[in-house]
Amino acid sequence: MNISIGDGGALAGAPLGKPTAYPERYDPTLLYPIARAVERELLGSRSPLPFSGVDLWTAYELSWLDGSGRPQIAIGKFRVPADSPAIVESKSLKLYLGSLAQESITNAGELGRRIAGDLRRACGAPVDIELVPPSRFAALPVAELPGESIDTLEVSVAAPAPDAAVLRAGTAIAEESLRSALFRCKCPVTGQPDFGDVLIRYRGPRIDRASLLRYVVSFRTHAAFHESCVERIFLDIKQRCAPERLTVYARFTRRGGIDINPFRSDFEAAPSDVRTPRQ
């Protein structure tokens, strides 16, 4: 596995933010790994990780040719474990999946095995693959994240960047699921905005909801990848509010035909992959 850091940082050789030719032939070398350790060191996360989890990727623009040369389509669902050494840069995944468009592949099973093998080599860990056929598109579930929305609370946002110091917790013990659809951050390379719904589920000292919403929306101009944002939220809440158990889960709207949905928890397994209404 080639995880390039280089003089220009982890993305020195990545296609993100650069003019790119779209390939017409299958090319697994297009996948560009980024070491998770780089961002985690910046966040102060230690080994072993204080959470487990998975990144749920959905690829809506997946096409290839069957044995007779007829185009086929599917929605790809990829589950990348949070303890994999690397993630794959999203534009490189788009280019890689696009390179399959003119590839003759006997059936979806063969395609799934090929994609799983290529992603395993890029991420350094097994990646679960599901290819959803067109006959099942209409049946794919859609639902809001569970929990109570905090988005109607009246808060002012003064912090120009995420600030864990705004988080407050009392002494009474609570067990609740809270969600917000107001999350926004920015791509650290292109500056494009990324929008997502965030779920915080915890048991422990009751978190002041206004302070939590103020913290969530303070990410509006923060430049970081989705995975890093979710891990920062987890670590900040854990440090400032000291919950006994904690889950942070975000579902982002798609860019380039792909959505990314990181899940981190210290007590529960990842949920089934259900889209939110705006996804």
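The values are calculated or read from the model by the stated rules, or taken from the named source; none is laboratory data. Not measured: the values here are computed from a predicted model. Counting neighbours? That spans all protein chains shown, and the Cβs are built from the backbone with ideal geometry, glycine included.
For the stretch 1-46, give me each residue that is over 28 Å from residue 105 (Cβ atoms) and either at pLDDT 80 or above or in the same structural domain as residue 80 (by TED's automatic domain parsing) (or both).
Passing the criteria: 35, 36, 37, 38, 39, 40, 41, 42, 43, 44, 45, 46.
Here are some conditions: (1) closer than 26 Å to residue 37 by Cβ; (2) in a strand (DSSP E or B); (3) of a type outside the set (Ser, Thr, Tyr). Residue 234 meets all but one. Which one does it not meet?
If we test residue 234 against (1) closer than 26 Å to residue 37 by Cβ; (2) in a strand (DSSP E or B); (3) of a type outside the set (Ser, Thr, Tyr), just (2) comes out false.
Conditions: (1) in contact with a helix residue (DSSP H, G or I) (Cβ under 6 Å, 6 or more places away or on another chain); (2) aliphatic (A, V, I, L, M); (3) in a loop (DSSP other than H, G, I, E, B). Residue 125 meets all but one. Number of the miss?
Residue 125 satisfies all of (1) in contact with a helix residue (DSSP H, G or I) (Cβ under 6 Å, 6 or more places away or on another chain); (2) aliphatic (A, V, I, L, M); (3) in a loop (DSSP other than H, G, I, E, B) except (1).
What number goes with the only condition from (1) outside any strand (DSSP E or B); (2) farther than 22 Å from residue 246 by Cβ; (3) at pLDDT 95 or above; (4) not polar (S, T, N, Q) that residue 145 does not pass?
Among (1) outside any strand (DSSP E or B); (2) farther than 22 Å from residue 246 by Cβ; (3) at pLDDT 95 or above; (4) not polar (S, T, N, Q), the lone unmet condition for residue 145 is (2).
Consider the stretch 108-127. How many of its residues are out of contact with any strand residue (DSSP E or B) (no Cβ under 9 Å at 6 or more places or on another chain) and either of a type in the set (Ser, Thr, Tyr) or over 17 Å from residue 95 (Cβ atoms) (or both)?
Of the residues in the stretch 108-127, 3 are out of contact with any strand residue (DSSP E or B) (no Cβ under 9 Å at 6 or more places or on another chain) and either of a type in the set (Ser, Thr, Tyr) or over 17 Å from residue 95 (Cβ atoms) (or both).
Regarding residue 177, is this residue of a type in the set (S, T, N, Q), surrounded by 19 or more Cβ atoms within 10 Å (Cβ to Cβ) and either in contact with a Pro (Cβ under 8 Å, 6 or more places away or on another chain) or at pLDDT 95 or above (or both)?
Numbers: of a type in the set (S, T, N, Q): yes; surrounded by 19 or more Cβ atoms within 10 Å (Cβ to Cβ): no; either in contact with a Pro (Cβ under 8 Å, 6 or more places away or on another chain) or at pLDDT 95 or above (or both): yes.
Spelling it out, it is not the case that residue 177 is of a type in the set (S, T, N, Q), surrounded by 19 or more Cβ atoms within 10 Å (Cβ to Cβ) and either in contact with a Pro (Cβ under 8 Å, 6 or more places away or on another chain) or at pLDDT 95 or above (or both).
Can you confirm whether the stretch 173-182 contains a residue that is assigned to a strand (DSSP E or B), under 24 Å from residue 228 (Cα atoms) and of a type in the set (Lys, Arg)? Walk me through it before giving the result.
Quick first cut of the stretch 173-182, residues assigned to a strand (DSSP E or B) only: 173-182.
With the extra rule that they be under 24 Å from residue 228 (Cα atoms), the set shrinks to 176-182.
If we keep only those that are of a type in the set (Lys, Arg) too, we end up with 179.
Yes: one or more hits.
Quick one: count up the residues across the stretch 244-279 that are assigned to a strand (DSSP E or B) and among the charged types (D, E, K, R). It would help to see each step written out before you state the result.
So in the stretch 244-279, the residues assigned to a strand (DSSP E or B) come out as 245-252, 255, 258-265, 275.
Restricting the remaining residues to those that are among the charged types (D, E, K, R) gives 245, 251, 255, 259, 264, 275.
The qualifying residues number 6.
I'm told residue 230 meets every condition in (1) modelled with pLDDT under 95; (2) closer than 21 Å to residue 86 by Cβ except one. Can you identify the failing condition by its number?
With respect to (1) modelled with pLDDT under 95; (2) closer than 21 Å to residue 86 by Cβ, residue 230 is out only on (1).
Quick check on my filter: what residues within the stretch 148-172 are among the charged types (D, E, K, R) and either surrounded by 13 or more Cβ atoms within 10 Å (Cβ to Cβ) or in a loop (DSSP other than H, G, I, E, B) (or both)?
Scanning the stretch 148-172 gives 151, 154, 163, 168.
Looking at the stretch 67-91, which of the residues that are more than 17 Å from the chain's Cα centre (by Cα) and assigned to a strand (DSSP E or B) is surrounded by the fewest Cβ atoms within 10 Å (Cβ to Cβ)?
Residues of the stretch 67-91 more than 17 Å from the chain's Cα centre (by Cα): 67-74.
Filter once more, so that each one left must be assigned to a strand (DSSP E or B): 71-74.
On the way: 71: 10, 72: 17, 73: 14, 74: 20.
It comes out as 71.
For residue 251, indicate whether it is charged (D, E, K, R) and over 25 Å from residue 79 (Cα atoms). Show your work before the answer.
Numbers: charged (D, E, K, R): yes; over 25 Å from residue 79 (Cα atoms): no.
Spelling it out, it is not the case that residue 251 is charged (D, E, K, R) and over 25 Å from residue 79 (Cα atoms).
Can you tell me how many residues within the stretch 32-60 are outside any strand (DSSP E or B) and surrounded by fewer than 22 Cβ atoms within 10 Å (Cβ to Cβ)?
Number of matching residues: 15.
For the stretch 211-227, state whether one or more residues are surrounded by fewer than 17 Cβ atoms within 10 Å (Cβ to Cβ), under 28 Å from residue 137 (Cβ atoms), outside the structural domain of residue 50 (by TED's automatic domain parsing) and in contact with a strand residue (DSSP E or B) (Cβ under 7 Å, 6 or more places away or on another chain).
Taking every residue of the stretch 211-227 in turn, none turns out to be surrounded by fewer than 17 Cβ atoms within 10 Å (Cβ to Cβ), under 28 Å from residue 137 (Cβ atoms), outside the structural domain of residue 50 (by TED's automatic domain parsing) and in contact with a strand residue (DSSP E or B) (Cβ under 7 Å, 6 or more places away or on another chain).
Pairs under 6 Å by beta carbon, first residue under 19 Å from residue 247 (Cβ atoms) in the stretch 36-62, partner at pLDDT 90 or above and assigned to a loop (DSSP other than H, G, I, E, B), six or more apart or different chains?
51/266; 53/82; 54/82; 54/270; 56/273
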